[in-house]
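The values are calculated or read from the model by the stated rules, or taken from the named source; none is laboratory data. Bear in mind that the values here come from a model prediction, so they are computed numbers and not experimental data. Cβ placement follows ideal geometry from the backbone for every residue including glycine, while neighbour counts extend to all protein chains displayed.
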Amino acid sequence: MTFFDPGVSPLRRRMVDDMRMRRFAPKTQSGYLRAVRQFARFLGRSPDTAAVEDLRYYQLHLVDHGTSPTSLNAAISALKFFFDVTLGKPELMARMQPVRVPRKLPVVLSPEEVRRLIAAAGNLKHQTALSVAYGAGLRASEVVALKVSDIDSQRMTLRIEQGKGRKDRYAMLSPVLLERLRLWWRVARAQGTMLDGGWLFPGMDPVDPLSTRELNRAVHAAAEAAQIGKRVSPHTLRRFESKTAVRSLRMSREFS
């Protein structure tokens, strides 16, 4: 079987095992497999038969088809892992080179725009989730992974388990944000949508958490409703002062 067969080939299984041994995140594993599968389709045969020039031509193919620098470098990283680790042939990557990613100024919302965005969110769950992203400086994946037990009202912190870099950490919790979370908890419990010890922001089925996709959709819908012309995502809410303490104090002033 070849790598791009619908079944799990020995080659694919070996690559998956190599990634699992290094404890790669599921999202990283999926991206690497997709990149190698796309290369196999371009090649028209199993990728373990590729030569140096095949890889060089593939990079030219990606460039000619308008692949962004970020996506291009991601593909190169995946192929480098495949040829270096899984096949043990690092010399095949000799002609593939990562490209410089242009640095762009991030989109930043003003405090007034943040207030409008959160107020325009479609329901209390989304409003509270966006408030947490802004007030505690969390990523979308960290917001949806929160559980009720992660709130420590005595220490005024939120426990973030396995955040970026698979590291646990604590985020500061402002009094205003704590009150918002308490309000959401009371409403969700009354509605029967939050389980004991369950997710802080449950999905349609309370057994599952809110998805990052739904949170993204909520942000885009809120930005449109609030008539914010900037390109907004959950990550935009993190682009303020770097210290969470400053962010938390500012939220206490702005939303009180």
* Asked: Does residue 203 satisfy the condition of being assigned by TED's automatic domain parsing to the domain that holds residue 141, among the small types (Gly, Ala, Ser) and exposed (fewer than 13 other Cβ atoms within 10 Å of the Cβ)?
  -> no
* Structure fact -> Across region 142-156, the tally of residues that are in a helix (DSSP H, G or I) and either exposed (fewer than 15 other Cβ atoms within 10 Å of the Cβ) or touching a strand residue (DSSP E or B) at 6+ places or on another chain (Cβ under 7 Å) (or both) stands at 4
